[in-house]
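The values are calculated or read from the model by the stated rules, or taken from the named source; none is laboratory data. Treat the numbers as computed from the prediction; the structure is a model and nothing was measured. Glycine also receives a Cβ, built like all others from the backbone with ideal geometry; neighbour counts cover every protein chain displayed.
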Amino acid sequence: MQFISEQRLDDDSVVERAFTLGEIPGILWTSVSASEPAPLILLGHPGGLPMMYPRLVARARHAAAEGFATATIELPGSGDRPRSPAAEQARADLRRAVTAGEPVDDEIVDRLVLPLVDKAVPEWRAALDALLALPEIGGPVGYSGGVISIGVRLAVVEPRISAAVLFAGSFVPRAMFEEARQVTIPLHVLLQWDDEGNDRHMALDLFDAFGSEEKTLHANMGGHTGVPRFAGDEANRFFARHLR
C-alpha cells in the first residue's frame, strides 16, 4: 500500500488519504480526533470511484462521527482500471434486457457477477491485510454496501469481518444462494421496496437463505437511490453493537 495524497475534509474532522495497492486505487478515511486505533468499515460500491465519491465520502463522514475508520477500493474493470470485454458485453446485455422490460436471464447475471466476485474478493482481502497493519486501524472489521454478492463471499471466506450491512440492490447469481447459507455473522440488510433494477422476490429469498442467527431486514419504500438518512443511522447503530 502506498499513500499518494492526504487532505482534511471541509469540516476539518476527517482525514482522507488516497492510496494505491499495486494497480488498485483506494481511499482511507479516519477521524482527526481518534485517540486510539479505530474499528474499520469496508465501504462497498458498484464501481467507479470518481462517480461514487460523493456518496462514499458522505458515508465515511457519518461513520467517522461514530468513531469508525472507513476504506474503499476500486472494483476490477471500473474507473481507470482495465476493462474486461466479457464483462462489458454482459453489462450491455443486462442493460438491454432491463430497458426492454424483459426478464434478466440467469446466464447474463452469472457472466457479469461471478467473475467480478472471483476477482474482487481477493483484492478486498489484500487491502484488509494492508489496512490492519496501520497503527491507526485496530479492528474489528465490518463490511457495508456495494455489490451484495461480493459481501456474501467476503462474509463466508474472511474471518476478520465480524458484521455486515448488505444492500439488496443488485442482481444475484443463483450459485450465491448456497454461499449465503454459509454466512453466520450478524447481518443488517437494506432493501428498497420499489427498486426498479432489483428483483425484490430474489432479494427476499436471499435474505431467507442467510444462515446467520442474527439477521435484520430493513425495507423502505422508494427506488434504488432513495435510501433514507435514518436507514444509515440504523446501520451505524448496528455496527456500534458489533464492532465495539
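Take the residues in region 1-17 that are among the acidic types (Asp, Glu) and touching a strand residue (DSSP E or B) at 6+ places or on another chain (Cβ under 8 Å); name whichever of them is surrounded by the most Cβ atoms within 10 Å (Cβ to Cβ).
Restricting to residues being among the acidic types (Asp, Glu) and touching a strand residue (DSSP E or B) at 6+ places or on another chain (Cβ under 8 Å), the top hit is Glu16.
State all residues of region 97-142 that are surrounded by 13 or more Cβ atoms within 10 Å (Cβ to Cβ), among the acidic types (Asp, Glu) and closer than 30 Å to Trp29 by Cα; if no residue qualifies, say none.
Answer for region 97-142, where residues must be surrounded by 13 or more Cβ atoms within 10 Å (Cβ to Cβ), among the acidic types (Asp, Glu) and closer than 30 Å to Trp29 by Cα: Glu123, Glu136.
What's the total number of residues in region 66-78 that are out of contact with any strand residue (DSSP E or B) (no Cβ under 8 Å at 6 or more places or on another chain) and aliphatic (A, V, I, L, M)?
The number of residues fulfilling the criteria is 1.
Are any residues in region 158-194 part of a loop (DSSP other than H, G, I, E, B), under 22 Å from Arg91 (Cβ atoms) and not aromatic (Phe, Trp, Tyr), and if so, which ones?
Correct list: Ala168, Gly169, Ser170, Val172, Pro173, Arg174, Ala175.
Have a look at Ser149, Ser84 and point out the one that is at pLDDT 95 or above and among the hydroxyl-bearing types (Ser, Thr, Tyr).
One residue alone meets the criteria, Ser149.
If Ala155 satisfies all but one of (1) assigned to a helix (DSSP H, G or I); (2) of a type in the set (Gly, Ala, Ser); (3) out of contact with any Asp or Glu (no Cβ under 9 Å at 6 or more places or on another chain), what's the number of the condition it fails?
Checking Ala155 against (1) assigned to a helix (DSSP H, G or I); (2) of a type in the set (Gly, Ala, Ser); (3) out of contact with any Asp or Glu (no Cβ under 9 Å at 6 or more places or on another chain), the one that fails is (3).
List the pairs whose first member sits in region 89-101 and is touching a residue at least 60 places away in the same chain (Cβ under 8 Å), whose second member is surrounded by 12 or more Cβ atoms within 10 Å (Cβ to Cβ) and part of a helix (DSSP H, G or I), and whose Cβ atoms are under 7 Å apart, counting only residues at least 6 apart or on separate chains?
Leu94/Ile108; Leu94/Leu112
Can we say Leu204 is at pLDDT 90 or above, part of a helix (DSSP H, G or I) and farther than 20 Å from Pro46 by Cα?
yes
Could you list, in sequence order, all residues of region 183-211 that are touching a helix residue (DSSP H, G or I) at 6+ places or on another chain (Cβ under 6 Å) and surrounded by fewer than 19 Cβ atoms within 10 Å (Cβ to Cβ)?
Of everything in region 183-211, just one residue is touching a helix residue (DSSP H, G or I) at 6+ places or on another chain (Cβ under 6 Å) and surrounded by fewer than 19 Cβ atoms within 10 Å (Cβ to Cβ), namely Ala209.
Which condition from (1) in a helix (DSSP H, G or I); (2) under 30 Å from Ala97 (Cα atoms); (3) of a type in the set (D, E, K, R) is the one that Asp129 breaks?
Going through the list (1) in a helix (DSSP H, G or I); (2) under 30 Å from Ala97 (Cα atoms); (3) of a type in the set (D, E, K, R), Asp129 breaks only (2).
Mind listing whichever residues of region 18-46 are crowded, with 18+ Cβ neighbours inside 10 Å and either without any contact (Cβ under 8 Å) to a residue 40 or more places away in the chain or aromatic (Phe, Trp, Tyr) (or both)?
If the condition is that a residue be crowded, with 18+ Cβ neighbours inside 10 Å and either without any contact (Cβ under 8 Å) to a residue 40 or more places away in the chain or aromatic (Phe, Trp, Tyr) (or both), then Phe19, Trp29, Ser31 are the ones that fit.
Here are the criteria: (1) closer than 17 Å to Val109 by Cα; (2) free of Cβ contacts under 8 Å to residues at least 60 places away in the same chain; (3) surrounded by 19 or more Cβ atoms within 10 Å (Cβ to Cβ); (4) of a type outside the set (A, V, I, L, M, F, W, C). Tell me which single one Ser170 does not satisfy.
Unmet for Ser170, out of (1) closer than 17 Å to Val109 by Cα; (2) free of Cβ contacts under 8 Å to residues at least 60 places away in the same chain; (3) surrounded by 19 or more Cβ atoms within 10 Å (Cβ to Cβ); (4) of a type outside the set (A, V, I, L, M, F, W, C): (2).
Find the residue count for region 61-93, including only residues that are farther than 28 Å from Thr20 by Cβ and in contact with a Leu (Cβ under 6 Å, 6 or more places away or on another chain).
Number of matching residues: 0.
When you go through Glu158, Glu107 one by one, which is the residue that is without any contact (Cβ under 8 Å) to a residue 40 or more places away in the chain and in contact with a Lys or Arg (Cβ under 7 Å, 6 or more places away or on another chain)?
Glu158
Please work out if Gly77 is small (Gly, Ala, Ser), under 19 Å from the mean Cα position of the chain (by Cα) and surrounded by 17 or more Cβ atoms within 10 Å (Cβ to Cβ).
On the way: small (Gly, Ala, Ser): yes; under 19 Å from the mean Cα position of the chain (by Cα): yes; surrounded by 17 or more Cβ atoms within 10 Å (Cβ to Cβ): yes.
Considered against the rule, which asks whether it is small (Gly, Ala, Ser), under 19 Å from the mean Cα position of the chain (by Cα) and surrounded by 17 or more Cβ atoms within 10 Å (Cβ to Cβ), Gly77 comes out as yes.
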